[in-house]
Amino acid sequence: MEARVYNFSSGPAALPLAVMEKVQEQLLVYPGVGASVMEISHRSKTFSAIHEAAKSGIKQLLGLSDDYRVLFVPGGATMQFSMIPMNFLAGKSADYIQCGTWGDKALKEAKKFGETRIAWSGKAEGYSRMPANTELVLNPDAAYLHFTANETIEGIEFFQEPESGNVPLICDASSNFLSKPIPANNYAMIYAGAQKNVGPSGMAVVIVRQDLIERAPAGLPVLLDYRVMAENDSLYNTPPSFGIYIVSLVTQWLIEEIGGLGKMEAINIEKAKRLYAVIDGSGGYYRGHAVPECRSRMNVTFRLPDETLEARFVSQAKEAGMHELKGHRSVGGCRASIYNAMPLEGVQALCDFMVDFQKNNG
Ligand SMILES: Cc1ncc(COP(=O)(O)O)c(C=O)c1O
């Protein structure tokens, strides 16, 4: 078998090795059923136990109260950009924080369904920072306030939630989900495309407070209706069962092997610190995109002196076993995505490579 590389992809991203080994071990025969998880009924006792483990793992990690439902919804985070306004606008206006490429996409989608307001925009600053609470211009009657906890493309992150008062707070946490403890019970809804921190692509984990679900209008298409999803416990139709199984394993890994989100955060802080230290210590050879206080711990975005060097950097890193370091075309340069599953050794290998690369190409 070919060796696994250090995979810095922004998503679908690396999953914990221990999880992948477990999947491999159980792929053909899941204990007790003589078949793969992919091959058994989503209404079987075995799958119900897997589904319960995935939901309770998320609830335990985030300390969620019983007011919240954990749903697994096909269509990824982008589907949520549509479902949120369809279900929750209810003839009102919604506030959006336009803090990066993904926040902007969520806003554009919502506009199709009704009135929106921009509570703050980072567009003119090239999405290089997140706003302080004092900068937000909020509508106290808004149907909800939407924000993106971590902007994957620009590499900027919120370290304190926007304060929305009585307005329900809705968060796209796709790229920093379960990477640190958060006051989850202050949110009305948290959703995340699974493919960065918790599982395979094509599915979103949706955590939604019951009272918000009750606001959904009648008559929505069944699979786009949170009420239908919640009443049927994500099983109105055949769910993304294999993805739910992976989420159950990832949450178990976070609880049992890592020791919870506090421990995970400490590891993530250390990884990010090492990479940003190389950038800051390079005398301007590597230039970070983000304003230092808003630097993402998940997606480290940086430039080199010119595009020829950037292309050489990406290709030589690949030869050295560090893949997917090219930045998104809209920002350019390089991006190292260092989600939960990226081990400290992988980050250290990249740091060492960056220092050597500068010596040889400075
Ligand atoms: C912050 C954020 N939101 C939304 C998305 C879209 O997710 P999906 O591709 O699952 O629709 C992504 C990345 O893919 C993302 O990084």
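Remark: Ile58, Ile118 ranked as Ile118, Ile58, counting other beta-carbon atoms within 10 Å and listing the fewest first.
Looking only at region 287-328, which residues have a backbone nitrogen under 13 Å from a spot 7 Å from the Cα of Glu135 in the C-beta direction? Under cut-off, by backbone N: 290-295.
Placing +1 on the Cβ of every Lys and Arg and -1 on the Cβ of every Asp and Glu, with no other charges, gives region 67-167 a dipole of roughly 400 debye about its Cα centre. Give me the distance between the Cα centres of region 292-319 and region 73-99, rounded to whole Å. One Cα centre to the other: 32 Å. Put a plus charge on the Cβ of each Lys and Arg, a minus charge on the Cβ of each Asp and Glu, and nothing anywhere else: the dipole of region 17-258 about its Cα centre is then about 400 debye. For Asn299, nonlocal amide neighbours, meaning residues 5 or more places apart or on other chains whose placed amide H falls under 5 Å from its own, are Ile338. A DSSP coil position with no more than 14 other Cβ atoms inside 10 Å describes the following chymotrypsin sites (Phe, Trp or Tyr not before Pro) in region 105-165: Phe159.
Largest GNM mean-square fluctuation across Ser175, Ser121, Ser36, computed for the chain with C-alpha springs under 10 Å, falls on Ser36. Which lysines does Lys45 reach when only Cα atoms under 25 Å apart count, and residues fewer than 8 places away in its own chain are ignored? Of all the lysines, those that pass the test against Lys45 - Cα under 25 Å, at least 8 places apart if same chain - are Lys22, Lys55, Lys59.
Here r is the Cβ-Cβ distance between Glu214 and Glu115 and R0 is 22 Å; the resulting FRET efficiency, rounded to 0.05, is 0.55. Note on Arg227 and Val291: their simple-model spin labels are 4.2 nm apart, each label 7 Å out from Cα toward Cβ.
In plain terms, the chain is cut at each of the trypsin sites (Lys or Arg not before Pro) found in a DSSP loop with at most 12 other Cβ atoms within 10 Å, and the longest leftover piece is 113-328. Working note: 222 nm ellipticity from helices only, DSSP H runs with n ≥ 4, each -39,500 (n - 2.57), summed and divided by the residues of the chain, gives -11000 deg cm²/dmol to the nearest 500. Normalised radius of gyration (Cα atoms, divided by 2.2 N^0.38 Å) for region 17-258: 1.02. Remark: Val23, Val29 ranked as Val29, Val23, counting other beta-carbon atoms within 10 Å and listing the fewest first. Counting only Cβ charges, +1 for Lys and Arg and -1 for Asp and Glu, the dipole size of region 219-362 around its Cα centre is about 440 debye.
Amide hydrogen proximity for His42: with H placed 1.01 Å from N in the peptide plane, no residue at 5 or more positions away or on another chain lies under 5 Å. Here Lys359 is the anchor, and the lysines within straight C-alpha reach of less than 19 Å, apart from those fewer than 8 places off in the same chain, are Lys318. Considering only Phe313, Ile153, Leu275, and ranking their Cα positions along the charge dipole of the chain that arises from unit charges at the beta-carbon of Lys, Arg, Asp and Glu, the one farthest toward the positive end is Phe313.
No value in this document is a laboratory result; all are computed from the given coordinates. Just so we're clear, the structure is a prediction, and the values are computed from it rather than from any experiment. Ideal geometry is used to build each Cβ from the backbone, glycine not excepted, and the neighbour counts take in all protein chains shown.
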